[in-house]
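No lab work stands behind these numbers, since they all come straight from the coordinates. Everything numeric here is computed off the predicted structure, so don't read it as measured data. Ideal geometry is used to build each Cβ from the backbone, glycine not excepted, and the neighbour counts take in all protein chains shown.
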């Protein structure tokens, strides 16, 4: 698994460059160990869903986002430095607000500080 590509995909996602994020994260997903593929697929699908949202495809967005959330179920709260629990919570809150006609700012993928950085802060 390429950590640099994962960080790059997250950065693209957080800049709302969802199509590009999906492309990069898809490569990470393909190279992931079999027991982690489902969770990486959930990240790819999250990027795809928000790409659909950005192009006005609300039905596609909802369908893919629901699959993404299912693929992230059972994932550790922190997965390869990603706060999965926080991502799932923010996506769920975003969907509720979207359904109510009051969308929140787009969710971000938050990362855990790398172990060597924790000691410096």
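For the range 70-100, the set of residues classified as in a helix (DSSP H, G or I), within 12 Å of the chain's Cα centre (by Cα) and farther than 16 Å from residue 29 by Cα consists of 85, 86, 87, 88, 89, 90, 91, listed by residue number. Residues in the range 102-111 include none that are farther than 17 Å from residue 4 by Cβ and not in a loop (DSSP other than H, G, I, E, B).
Scanning the range 12-36 for residues that are touching a residue at least 12 places away in the same chain (Cβ under 8 Å), more than 16 Å from residue 61 (Cα to Cα) and not in a helix (DSSP H, G or I) yields a count of 2. If you filter the range 31-50 down to residues that are under 12 Å from residue 80 (Cα atoms) and over 9 Å from the mean Cα position of the chain (by Cα), you find that the one that is surrounded by the most Cβ atoms within 10 Å (Cβ to Cβ) is 39. From the list 39, 51, the one residue that fits, being within 21 Å of residue 12 (Cβ to Cβ), touching a strand residue (DSSP E or B) at 6+ places or on another chain (Cβ under 9 Å) and not in a loop (DSSP other than H, G, I, E, B), is 39.
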